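Here's the structure, in structure tokens; my notes come after.
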Amino acid sequence: RYGASNPTFTGAFSGTQNGDSLTQGYSTSATTNSPVGSYAIIPTAGGDRLTNYIVTLIQGSLTVTNAPLTIAANNTLR
């Protein structure tokens, strides 16, 4: 939602062999001030065994939705 902090991004590895321990991370250009719209979630991978793989990184998507807004007139007497 517009104005909210980004959630924690998660994902998964598929295809690791021999119990290799690889690391993963995720980032986006979206901030709390980003307007409503879609933003790429960019995955990264690391680890000393990463060179044993042909790595395919698949982006995700973060959708920033509208924030609720209420506008109310004040009561008055005349």
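Readers should treat all values here as calculations from the given coordinates under stated rules, not as data from a laboratory. Bear in mind that the values here come from a model prediction, so they are computed numbers and not experimental data.
Points to keep in mind about this one:
- Here the 3J(HN,Hα) profile of the range 56-73, calculated from phi with Karplus coefficients 6.51, -1.76 and 1.60 at θ = phi - 60°, is 10, 9, 10, 6, x, 9, 10, 9, 8, 9, 5, 8, x, 9, 10, 10, 10, 7 Hz, Gly and Pro shown as x.
- Compactness of the chain, taken as the C-alpha radius of gyration over 2.2 N^0.38 Å, stands at 1.80.
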